[in-house]
Amino acid sequence: MNPKKFSEAMSELDNRYIDEAVRYKKSGKKHSYIKWAASAACLAFIIAVAASIADRAQNQIKLSDNSSNVTAHYTSNPFFVQDSSSLIFLTEEELFTHFNTAIFKGRILNLNNIELDFNGEKNYRAIAEIEVETVYRGSCNAGDTISVLLPCPVMKGFWVEDAETVSSMQTGMTGIFMPIIYDDTSIREQNGARLALKDIADYGFADGVRYAFLETEDGLVFSRSSYESISDAATLDEIENYILNMLGK
């Protein structure tokens, strides 16, 4: 923690903790060892709280004025809370037309979990940083690194129902991705709060099942039931040919 962050954190501490530490210091010499130990413990507590505040501030994601009553920060301890929304049925053709999606092949560079606090109501998500290799649709270019908001947090060894494909994501994986392109109309409103999704990421998945095709150690992972015409596909090359055919290329 640098001096500036520590100073800012200390300024946020409740004065009662400081006063308590001072009272310990000012008390008489009797039982000095016990009082010294209590004072040291109090000081250690103050430093721990300051470190926690500073760490949270350092991990804060800065939001624009288009967002209100909401905060966002990176977290290493996400809760795996399930959304109550269910998937809407879409045909294979509709999966390419219902949402304004980009389509590209790329490699996952980083996965970071985040906490979104909507006026006291918390949601947990993740942000994937993906290096683009091949563009099939959209305005991004090969070589770009783009950010994609995922509908759930991601941790190795954890599986989230109704987000099976995204749950398989790991840093270093190559895949073909179909995220929604965020613009000024991409807004999430919840519990009296408003989040401009562009403040969080460039793109976002409509769900965690149908909009990614991942090359994993256990083979190709994607929603085979949603893409029945290629349900037996085993390679990304097969997925690429299918996508090009669906786009009329």
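Values computed for the structure shown
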{"quantity": "Breaking point among (1) closer than 30 Å to residue 66 by Cβ; (2) under 16 Å from the mean Cα position of the chain (by Cα), for residue 210", "calculated": "(2)"}
{"quantity": "Near pairs, Cβ below 8 angstrom, 6+ apart or cross-chain, from the stretch 113-128 (farther than 16 Å from residue 196 by Cα and acidic (Asp, Glu)) to any residue that is open to solvent by 10 Å² or more (accessible area, probe 1.4 Å) and in a strand (DSSP E or B)", "calculated": "121/190"}
{"quantity": "Count - residues of the stretch 225-246 that are in contact with a strand residue (DSSP E or B) (Cβ under 7 Å, 6 or more places away or on another chain) and within 23 Å of residue 87 (Cβ to Cβ)", "calculated": "3"}
{"quantity": "Some residue of the stretch 223-234 being touching a helix residue (DSSP H, G or I) at 6+ places or on another chain (Cβ under 8 Å) and loosely packed, with under 12 Cβ neighbours inside 10 Å", "calculated": "yes"}
{"quantity": "Failed condition for residue 184, given (1) open to solvent by less than 40 Å² (accessible area, probe 1.4 Å); (2) farther than 18 Å from residue 103 by Cα; (3) of a type in the set (Asp, Glu)", "calculated": "(1)"}
{"quantity": "Selection count where residues are more than 17 Å from residue 211 (Cβ to Cβ) and among the basic types (Lys, Arg), scope the stretch 124-171", "calculated": "1"}
{"quantity": "Sole exception among (1) open to solvent by 10 Å² or more (accessible area, probe 1.4 Å); (2) of a type in the set (Val, Ile, Thr); (3) under 24 Å from residue 73 (Cα atoms); (4) not in a loop (DSSP other than H, G, I, E, B) for residue 114, by number", "calculated": "(1)"}
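The values are calculated or read from the model by the stated rules, or taken from the named source; none is laboratory data. Note that the coordinates shown come from a computational prediction; the quantities given were computed from them, not determined experimentally. Reconstructed Cβ throughout: ideal geometry from the backbone, glycine too, with neighbour counts over all protein chains shown. We work out accessible area using only protein heavy atoms, side chains counted, and drop any ligands, DNA or RNA first. Shrake-Rupley method; radii C 1.70, N 1.55, O 1.52, S 1.80 Å.
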